[in-house]
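Take a look at the structure below.
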Amino acid sequence: MPLVDAGYVVLDCAEPEKLAVFYKELLDAEETDATANRVEIRGADGIRLAFRRDVNATPPSWPRPENSLQAHLDFHVSDLDAVERKVVELGGRPLDTKDAAGPHEERGYADPAGHSFTLRRATPTAPKQG
């Protein structure tokens, strides 16, 4: 029997109910628990997130150095453009959407409370020649 039953990534924010809606829509998730100060969700792929009320929460400033990256979420997607439209429709905003070089295409965003996350799409690599 495991010692830990479940784990959550917990994001502090001023309005957990509103932030939970953003991620529920983005991740096709369901709310699994809610109290006056915390909302928990589980995504279709099993990811578990919780949003905890902190009226003094300060959003990260990434990519600026002051109060920079405090936590970071990565989500794998198949269509970056379609998911970007959904993020913006739900109240998120682009932070760094230039396509990065390397084995993954990725773009950076902030959720409505200012937490940063990355959408990543694995790019197929050509087999080595010779």
query: Calculated FRET efficiency, ARG48 and ALA14, Cβ-Cβ r, R0 25 Å, to nearest 0.05?
result: 0.70
Net charge over other residues, Cβ less than 9 angstrom from the Cβ of PRO112 (K, R count +1; D, E count -1): 0
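Quick note: the coordinates plus some simple rules give every number you see, no bench work behind them. The model shown is predicted, which means the values in this text are computed figures rather than measured ones. Note that each Cβ is placed from the backbone with ideal geometry, even for glycine, and that neighbours are counted across all protein chains shown.
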